[in-house]
Structure formats: structure tokens, C-alpha cells
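Reviewing the structure listed below.
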Amino acid sequence: MKINEYYRDTANISLNGSIAALVPTILIIGGNISFFQKKEIMLLSIPFLVYSLLGFQIYLFRLNQSISIGKNIKKTKSLYQSIFNAKQLLVVYLNTQNPRLLLYFPDGHQAGEIKKYREKGFKIFGFTKTFALYNFHDQVIGFFKVKGKKHLKIEIYDRDNVYLGCYEKKKVAWRKQKKEWLDASGRYIGAVEGSTFFMDEHLLDNSNRQVGRLRRGWMPLEWSPIFPEPNTPVLSFWEGLSEVDKLVRMSFLINEYFIER
């Protein structure tokens, strides 16, 4: 899915909402004309009608964005070979019945996605909530197993179900939490520090050096023809991180999008 297809899908979601809002509008107006014939009852249809019109306007706006972006994206395949060889990824949350976190290369091609993982007979994770990271070929390249609530723990596995480490979130004081990574042996390898009120998360290693960042509102201007929303979050990784390092650190996205936000 290219980024223009995402905008097309969100346009369709708005259109479906607009059409759904017409149903109670028609029922109220039709029922009133057929049975009650009172002007006051007609007022009940106004909120649904306004919502329907607003949804249709959003549909037209998103559809226009999709068409405009489609003209700017190159027709050739992406220059990026893997989700792990990109220094920067744009993060888009698709809030549907089955939420997904879509990851895009700066050229507008999809790098991968994170979503809930379900497979019959997959006994390693049992009945716990598990998410998977998929590449742009829709192949699983990592698993994230979520445990606990007050003391959140996200275990990370590679595509072969080899345990790599975990992400832990603990409450240490009022409105203060500690978020850190441990490797497979339980050794501290880094932490996440950021703002409570806006998205600017710093990914640190065990020497307190920044090795990555997730922030909103700092998207380069040259990307705007493909990503029209300037507040699209950008995930950056510093050079020197291995594929395993990046996979482990991407576990914090589960907490950011599927748990906290």
C-alpha cells in the first residue's frame, strides 16, 4: 500500500460514516411524516445530517489528497530494499476495527506495518496479545508479546521465534514512568525518554547516547508533495544499529500507539 492508497482508504472510511449517518436521518424524517407529523421531531435529524455532510466533505478532501499524491509518487519500485536499511520511516496509524500501524519510506512506498497477530495452533504465545511486524512483502519479520498492565512488558522475538529481549514500562512516581529495554540475558541496553504532552521520544542506548527518535511536526518540507500532513510522525534511527537492534527498539511503538495513545 502506497501512501496515496492510505488516503484513499481513509476517504472511504469517511464516506461510509457519511452514508451511515443518513440512515437515522431518513428514519426520523420518514417516521415523522408517516406517523407523528410534528415539526419538533424533525430537529432530531439535524445532528445526523450535519455529521453526514461533514463526513462527505472529509471524503472529498481525502480523495483529492490521494489523487494528488498518486501523481507525485514515482511509478517505479522503491529504492529501499528493507525496512531496516531506511534511516527514517514515516508512521501512520490506521484506526479501524482492526487497528494497524503503517510504516512508510520517504518516497511514499510502504515499508511495513504492525498489527495484531493471529494464527491457529501458534502455541508459543498462547492466548496473550501478540503483535507482529510485517515487511512490504507481507512477511512477518518480528513478534511482540504484550504482558501485564501496571508493569508493562513487551517481549521481542525474531521471525524464527528466537527471544531477543524485552521492553518494560514501570511507574516510578506520580506521572513519571521508566521505559527501558533489556536484552535476552536481562541486561539493560537502553531507554525511552520524552515528553508527556507531545510526541518527541528519544531512544537511548546503555551509555545514554541517542540512537533513535520519534517526533511529530518535524517532517522535512521536501516530503510534503507525498506526505501532505506536516504532523506525520517520523521515526529515525542512527547509523550503527543492527537489524536486531532496530527490531528490539521498534517494540516501543506498540506501547505508543496500541496502549498509551
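The values are calculated or read from the model by the stated rules, or taken from the named source; none is laboratory data. Note that the structure is a prediction, hence the values are computed from the model and not measured. As a convention, Cβ positions derive from the backbone with ideal geometry for all residues, glycine included, and neighbour counts pool all protein chains shown. The area values use the complete protein model at the heavy-atom level, side chains included, leaving out ligands, DNA and RNA. Shrake-Rupley method; radii C 1.70, N 1.55, O 1.52, S 1.80 Å.
Some observations on this one:
- Scanning the stretch 78-112 for residues that are free of Cβ contacts under 8 Å to residues at least 40 places away in the same chain and not in a loop (DSSP other than H, G, I, E, B) yields a total of 4.
- Filter result (open to solvent by 80 Å² or more (accessible area, probe 1.4 Å) and over 18 Å from Leu221 (Cα atoms)) within the stretch 86-98: Asn95, Gln97, Asn98
- Residues that are touching a residue at least 12 places away in the same chain (Cβ under 8 Å) and either closer than 30 Å to Glu229 by Cβ or open to solvent by less than 80 Å² (accessible area, probe 1.4 Å) (or both), drawn from the stretch 24-53: Pro24, Thr25, Ile28, Ile29, Ile41, Met42, Ser45, Phe48, Leu49, Tyr51, Ser52, Leu53
Residues are listed down the side, and each one gets a yes or a no for (1) in contact with a His (Cβ under 6 Å, 6 or more places away or on another chain); (2) surrounded by fewer than 17 Cβ atoms within 10 Å (Cβ to Cβ):
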| site | (1), (2) |
| --- | --- |
| Gln177 | no, yes |
| Ser185 | no, yes |
| Asp200 | no, yes |
| Leu203 | no, no |
| Arg209 | no, yes |
| Arg213 | yes, no |
| Leu221 | no, yes |
| Pro225 | no, yes |
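- 1 or more residues closer than 23 Å to Tyr6 by Cβ: qualifying strands (runs of 3 or more DSSP E) within the stretch 187-261: 200-205, 210-215, 234-237
- Looking across the stretch 158-175, just one residue is open to solvent by less than 30 Å² (accessible area, probe 1.4 Å) and small (Gly, Ala, Ser), and that is Gly165.
- Scanning the stretch 1-19 for residues that are open to solvent by 60 Å² or more (accessible area, probe 1.4 Å) and without any contact (Cβ under 8 Å) to a residue 60 or more places away in the chain yields Arg8, Asn12, Asn16, Ile19.
- Failed item, numbered, when Pro106 is tested on (1) open to solvent by 30 Å² or more (accessible area, probe 1.4 Å); (2) more than 19 Å from Val140 (Cα to Cα): (1)
- Remark: pairs (first residue in the stretch 200-221, touching a residue at least 24 places away in the same chain (Cβ under 8 Å); second residue open to solvent by 50 Å² or more (accessible area, probe 1.4 Å) and part of a loop (DSSP other than H, G, I, E, B); Cβ separation under 6 Å; 6+ apart in sequence or on different chains) = Val211/Trp238; Met219/Pro230.
- Residues of the stretch 1-48 satisfying the condition of being basic (Lys, Arg), assigned to a loop (DSSP other than H, G, I, E, B) and either at pLDDT 90 or above or within 26 Å of Leu60 (Cα to Cα) (or both): Lys2
- Failed condition for Lys246, given (1) touching a Leu at 6+ places or on another chain (Cβ under 8 Å); (2) closer than 24 Å to Tyr163 by Cα: (1)
- Any hit, the stretch 144-156, residues being modelled with pLDDT under 95, surrounded by fewer than 14 Cβ atoms within 10 Å (Cβ to Cβ), of a type in the set (Val, Ile, Thr) and assigned to a strand (DSSP E or B): no
- Flag if Asn64 is out of contact with any Gly (no Cβ under 9 Å at 6 or more places or on another chain) and open to solvent by 80 Å² or more (accessible area, probe 1.4 Å): yes
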